[in-house]
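In what follows, a single structure is set out as structure tokens and then discussed.
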Amino acid sequence: MPLESMLAVAAANYQDLDDLRAAQFVRGSESGGQRLVDCYHDRIRENVIAGLSTTRARLLYGALAAALKADTRADPELVSRCLEGAGEAEEAARYAAIAADEALGTMAFEHAAACYRKAIALGAQSATARLTLYTQLGVALENAGRGQEAADAYQQAALLCEGEQRVDLRRRAAEQLLATGHVAAGTELLERVCAELGLSLPATTAGAFVSLLWTRSLLRLRSFDRSLPELANTGAHAAVARGARAGSSTGATGQRLETARSIVTGLIGYLPVHAASVASRYLLLALDSGDLSHRVRGLGFNAYVHTLIAPASARATTLLAHMNSLASRDGRPELVGFAALMNGAVAYHRNQFRDARGQLRDAISNLRAGAAVEWELDCAHIYDQMSAYGCGDYADLARTTPALAEEARRRGRVWAYTMLSGFAGTPAWLTPDDPDGYRAQIEEAKLQWRSSEKPLWPDYVLLMGETMLAIYAGDPKTAFELLATHHEVYSRSQLTRGSGIGSSGYAFHRSRAAAATLRSGAAASSPSLRRAAIAMLEESLATLRAHGIDRSLGMARAIEAALALERGDREAGRDALSRAVEHFDAGDTVILAASARFRLGEHTGGERGDALIRRAEAELRAQSVQNIEAMVELHCPGCRV
């Protein structure tokens with residue numbers, strides 16, 4: 001409480017204050033150039049209040065509120081509390097909203113949400129006031145990463161308005177539902193929004209492919225160099241305060257752009273082909289609108305989906321060049337960060353893992369200075385994790401992944417939590433040799449994630465995480481059976497078909513499980529299991545070879561080694577392992593290279609073999625690997641001596 005205000009209301013002087021201080025009833029402090037006074041202990045305040053009648057307490061609260069309102073430096077939240085105590089609920093709600101707006105402007109999102117909720121609870125009288133409060137509550141909760149609660153707030157606000165505003169609020173709610181793992185509800189709400197705006201959302205994968213091919217053909221006829229108007233840099237704080245992205249379009253065009261963007265960000269982590277088909281239409285809309293912010297995102301999204309399907313796409317390189325030029329021209333951290341995110345994701349799709357990590361670190365740094373970028377930050381952390389997994393930065397994963405996953409779980413970001421808990425997160429627990437910890441992590445993630453009839457990315461990453469855990473724990477047969485059981489569904493899924501990273505990744509996991517099983521005791525005693533493992537290996541080998549990059553070719557050679565060793569041809573096995581090491585080294589995949597080198601050393605023997613083993617052990621120890629044998633078998637399966 002400001003000292004001067006308290007003295008005025010109490011009709012007291014400084015001597016009275018000194019006496020109270022000496023008796024340890026009150027204590028002083030200073031904040032923002034103001035001298036403050038407060039009760040020495042909460043019990044003192046509670047006892048004083050208990051001794052006041054309701055009427056007397058209201059009179060004192062009213063006097064304090066009046067004194068504080070006269071002070072332009074007074075904390076509006078404190079004014080609100082005093083007004084509430086005086087029984088002036090509507091005025092208290094107004095000051096709580098002022099406090100919330102101030103907190104939102106300084107990016108104190110949790111505090112802003114608490115103040116907006118207080119204003120709502122105090123009972124704003126007009127529908128317009130309630131609409132504003134619920135909308136801003138949604139903005140605060142969204143930026144605080146509380147997607148489920150933000151969706152509820154936006155839907156409450158949508159009940160209080162009509163027209164474009166209602167459509168936009170429902171779009172925001174759908175976006176948050178998808179981020180928190182409510183895929184069916186979020187998609188259904190997006191479909192309603194699309195219907196109102198004259199947009200279409202593909203109902204099937206086949207329909208999405210047709211739409212994608214058509215819109216891509218239209219894009220090839222368009223120029224990306226159309227001039228743009230000079231846009232004022234409104235800044236992140238202004239964007240947060242109005243609950244929008246800085247520089248975004250308004251009106252019907254703006255609604256369609258924002259909805260298309262929401263579809264892409266909402267579905268790309270679940271149904272990538274559906275998202276890709278809308279991404280092309282999004283870019284067409286952005287090119288027509290002349291909106292720089294949406295054009296940057298449209299270019300980035302299309303580069304992303306091009307390389308998801310065809311990693312070497314030259315078209316993606318062109319798209320990225322235009323995106324980078326525009327983002328650099330604009331300079332806002334949220335757009336610069338988005339551009340770095342797309343560059344990093346494309347580098348990952350192309351198996352350029354260390355380049356990806358550099359871009360993604362830049363993305364995270366810039367995005368943290370921006371606003372309304374929760375999806376972008378989630379993606380940046382996930383892609384950085386997958387890139388670290390790809391190049392073998394396991395010590396870094398062990399340091400960072402558990403905290404990132406827990407933060408995502410705490411914020412209700414179910415998609416991010418599940419993805420961070422999937423196969424790329426395994427090193428966080430297996431590097432320190434904690435398979436039980438990872439088993440518990442998977443089980444918790446499965447409780448959070450609502451699995452669907454058709455597999456989505458979260459289903460996939462968790463399943464692959466389970467198979468890796470089983471191989472590491474010495475139970476490859478369980479890994480093999482898990483993949484065999486789900487193969488019919490996954491073989492038809494858009495997640496694993498085509499020539500992109502999805503198909504090669506799926507082949508990588510299947511070949512790992514099959515090779516480990518082939519040379520296990522279970523296969524030795526079961527001819528049918530042995531035949532099934534060999535069939536899975538041969539099918540996966542064709543995909544790995546066709547992909548043509550060092551990481552896939554290295555695993556193909558490692559699988560050839562396992563097959564040769566199973567036949568008893570140790571010379572062919574050594575030769576295949578040697579070639580695997582060459583590919584893994586060329587691809588800068590540290591753990592894969594060290595594991596293949598370790599097995600090559602075992603099969604080579606002598607001084608040269610010992611040197612290979614020592615080098616491999618040093619590389620694995622440098623990444624804090626505790627159980628070398630289990631980690632080697634996971635990454636170079638079926639090649640034990």
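The values are calculated or read from the model by the stated rules, or taken from the named source; none is laboratory data. Small disclaimer: the values here were computed from a predicted structure and weren't measured. Here Cβ is always computed from backbone atoms with ideal geometry, including for glycine, and neighbour counts include all displayed protein chains. Note: accessible area is taken over every heavy atom of the protein model, side chains too, but ligands, DNA and RNA are not part of it. Shrake-Rupley method; radii C 1.70, N 1.55, O 1.52, S 1.80 Å.
Given region 38-165, what whole percent of its Cα pairs are spread farther than 18 Å?
Values: 4785 of 8128 pairs.
Percentage above 18 Å: 59.
Sort region 251-369 into rounded, prolate or oblate with this rule: let a ≥ b ≥ c be the square roots of the eigenvalues of the Cα gyration tensor; rounded if a/c is under 1.5, and if a/c is not under 1.5, prolate when a/b is larger than b/c, oblate otherwise. Numbers along the way, then the final one.
Working: a/c = 1.65, a/b = 1.22, b/c = 1.35.
Oblate is the answer for region 251-369, as a/c is 1.5 or above yet b/c matches or exceeds a/b.
Pairs of Lys residues in the chain that lie 8 or more places apart, or on two chains, and have C-alpha atoms under 25 angstrom apart add up to 4.
With a Förster radius of 22 Å applied to the beta-carbon distance between T55 and T128, the computed FRET efficiency rounds to 0.05.
Checking the a/c ratio against 1.5 first, then a/b against b/c, what shape does the Cα gyration tensor give for region 490-594? Before the final figure, lay out the partial values.
Values: a/c = 2.22, a/b = 1.10, b/c = 2.01.
Since a/c reaches 1.5 but b/c is at least a/b, the shape of region 490-594 is classed as oblate.
Region 579-641 and region 455-482 have Cα centres spaced 22 Å apart.
Under the √(5λ) rule applied to the eigenvalues of the Cα gyration tensor, what semi-axes describe the equivalent ellipsoid of region 555-595? Give them in Å, descending. If you can, show how the numbers build up before the last one.
On the way: eigenvalues 77, 13, 10 Å².
For region 555-595, the ellipsoid semi-axes come out as 20, 8, 7 Å.
The dipole here belongs to region 151-212: it is taken about the Cα centre, uses +1 on the Cβ of Lys and Arg and -1 on the Cβ of Asp and Glu, and is about 80 debye. For region 396-501, applying the loop criterion from DSSP together with a ceiling of 14 other beta carbons within 10 Å to the GluC sites (Glu not before Pro) yields E453. Every Cα-Cα pair in the chain was counted, and those over 41 Å apart are 39% of them. When you work out D = kT/(6 pi eta Rh) for region 355-507 at 37 °C and 0.692 mPa s, using the Kirkwood radius from C-alpha pairs as Rh and the Stokes-Einstein form, the result is 205 µm²/s. Taking Cα centre as origin and charging only the Cβ of basic (Lys, Arg, +1) and acidic (Asp, Glu, -1) residues, the dipole magnitude of the chain rounds to 1440 debye. Can you compute the FRET efficiency between I44 and S525 using 1/(1 + (r/R0)^6), with r the Cβ-Cβ distance and R0 = 56 Å? Round to the nearest 0.05. Given R0 = 56 Å and the Cβ-Cβ separation, E is 0.15.
Normalising by the residue count of the chain, find the relative contact order in percent from Cα pairs under 8 Å and 6+ residues apart. Relative CO of the chain lands at 8 percent.
How do the peptides 83-94, 274-285 rank, highest first, by the average count of neighbouring beta carbon atoms within 10 Å per residue?
Details: 83-94: 18.9, 274-285: 25.7.
By packing density, highest mean first, the sequence is 274-285, 83-94.
How high is the FRET efficiency between D575 and A611 when r is their beta carbon distance and R₀ equals 22 Å, given to the nearest 0.05? Could you put the intermediate results ahead of the total?
Numbers: r = 18 Å, r/R0 = 0.84.
According to the calculation, E is roughly 0.75.
Here the extension length gained between S200 and T72 equals 40.9 nm, from 0.36 nm per residue of separation less the Cα-Cα distance.
If you build the convex hull over the alpha carbons only and average its shadow over all orientations, what do you get for region 437-477? Give it in nm² to one decimal.
Values: hull surface 12.4 nm².
Value for region 437-477: 3.1 nm².
Would region 99-152 count as rounded, prolate or oblate if I go by the C-alpha gyration tensor, calling it rounded below 1.5 in a/c and otherwise prolate when a/b exceeds b/c, oblate otherwise? Oblate. Packing, taken as the mean count of other beta carbons within 10 Å per residue, orders the peptides 468-478, 630-640 from highest to lowest as 630-640, 468-478. Heavy-atom accessible area with a 1.4 Å probe sorts W449, W375, W214, largest first, into W214, W375, W449.
The distance from the alpha carbon centre of region 423-440 to that of region 170-202 is 35 Å, rounded to a whole number.
For region 167-217, what is Rg from Cα atoms divided by 2.2 N^0.38 Å, rounded to two decimals? Display every interim value, and only then the final one.
Working: Rg = 12.2 Å, N = 51, 2.2 N^0.38 = 9.8 Å.
Taking N as the residue count of region 167-217, the ratio is 1.24.
Only helical runs count toward this figure. For the chain, summing -39,500 (n - 2.57) over DSSP H runs of n ≥ 4 and dividing by all residues gives -24500 deg cm²/dmol at 222 nm. Under the criterion of Cα pairs below 8 Å and six or more residues apart, the relative contact order for region 545-641 equals 27 percent. May I ask for the distance between the Cα centers of region 103-165 and region 357-417, given as a whole number of Å? That distance is 27 Å.
For region 417-503, the Stokes-Einstein estimate of translational diffusion at 37 °C and a viscosity of 0.692 mPa s comes to 246 µm²/s, using the Kirkwood hydrodynamic radius over alpha-carbon pairs.
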